[in-house]
1. When residues of the stretch 181-203 are filtered for being in contact (Cβ under 8 Å) with a residue 24 or more places away in the chain and surrounded by fewer than 18 Cβ atoms within 10 Å (Cβ to Cβ), how many remain?
2. Consider residue 272 carefully, then state whether it is under 28 Å from residue 11 (Cβ atoms) and either out of contact with any strand residue (DSSP E or B) (no Cβ under 8 Å at 6 or more places or on another chain) or surrounded by fewer than 24 Cβ atoms within 10 Å (Cβ to Cβ) (or both).
3. Evaluate the following for residue 120: is it modelled with pLDDT of 95 or more, over 23 Å from the mean Cα position of the chain (by Cα) and at negative phi?
4. Of all residues in the stretch 295-327, how many are buried (at least 20 other Cβ atoms within 10 Å of the Cβ) and not in a helix (DSSP H, G or I)?
5. Of the conditions (1) part of a helix (DSSP H, G or I); (2) touching a residue at least 24 places away in the same chain (Cβ under 8 Å); (3) surrounded by fewer than 24 Cβ atoms within 10 Å (Cβ to Cβ), residue 163 fails just one. Which one is it?
6. Do we have residue 127 as in a helix (DSSP H, G or I) and at pLDDT below 95 here?
7. Does residue 210 satisfy being in the same structural domain as residue 57 (by TED's automatic domain parsing) and over 20 Å from residue 29 (Cβ atoms)?
8. Being outside any helix (DSSP H, G or I), at pLDDT 90 or above, surrounded by fewer than 23 Cβ atoms within 10 Å (Cβ to Cβ) and out of contact with any strand residue (DSSP E or B) (no Cβ under 8 Å at 6 or more places or on another chain): is that true of residue 104 here?
């Protein structure tokens, strides 16, 4: 297929839905004991709701929404660190838009800007570097966050700052890695996942091979998927076909963009600038070993964590917020005590309601709470 409408062809979608339903029947799946598939990436979660795929599929297949939203898993303490940096004299703090409203322990970056901090939304780290060049008398900090998808652009921007000799640019690094997180989830005792829709954007960078451990060590099928509706339906059928055959392997439905070994140039830039942290705290999931990266010593002069004072404290989420259970797939967003009430997109309590990729935001935008509560 070469054109976008081919990935949304209704006839092809109906055929895939029929094949999925027939395979579920052969597997003996029921509404009481459905096959549970975790879509790791928040982009897949929103596509599933945007195209009403859940409504097309039998009740014997259940989606479990995974942790693949980097803004959603950002702990409150790291937001507090951002605000502490942004409030320092002479600082211009730059960030992607979906991080502006993530609540810290007292406020968000958006609220800090309203109180006078110079917080600016940018569309790429290169925008932040341009601001630094245009304001040589001020310190410009870029809030680097995201999985391996966004790591290459951040790393290449640091290398470009070095090449240009821009001394007033630095990075507050909060980049995270997906595979240690999936391993931590799979080690959760109550997790009942039969297969995984792998994150296509991450796999464009790291390849499909890093997910081999899921099939090898945990016996679950993984299919790396694109983001169009027929991509996701085909990926579901590929997972079910593996389950029917009693197999567990890593396949790539997104072969038009994903290679087994990933993107060598992107991986080289990541390895040059970043190294693994011993551990990193995830909102709702706690500390996960080797799940984040920091800047190497060679680039210390561009490291905001080394250049600025910040609280660096762990902050507990509000007790009534159940983001952790949602991230682990233990409950649906609509089952959270504050969903749609105290926690809404305009007044989010939890990070899953803030980001455009958050599972709670997807439920709120595309599904009515009363309908989901009955599901």
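1. 6
2. So residue 272 fails the test.
3. no
4. Matching residues across the stretch 295-327 total 3.
5. (2)
6. No: the conditions fail for residue 127.
7. Here the answer is yes, as residue 210 does meet what is asked.
8. No, not satisfied.
The values are calculated or read from the model by the stated rules, or taken from the named source; none is laboratory data. As the structure is a prediction and not an experimental result, all values here were calculated from the model. Methodologically, a virtual Cβ is constructed for each residue, glycine included, from the backbone with ideal geometry; neighbour enumeration extends over all protein chains shown.
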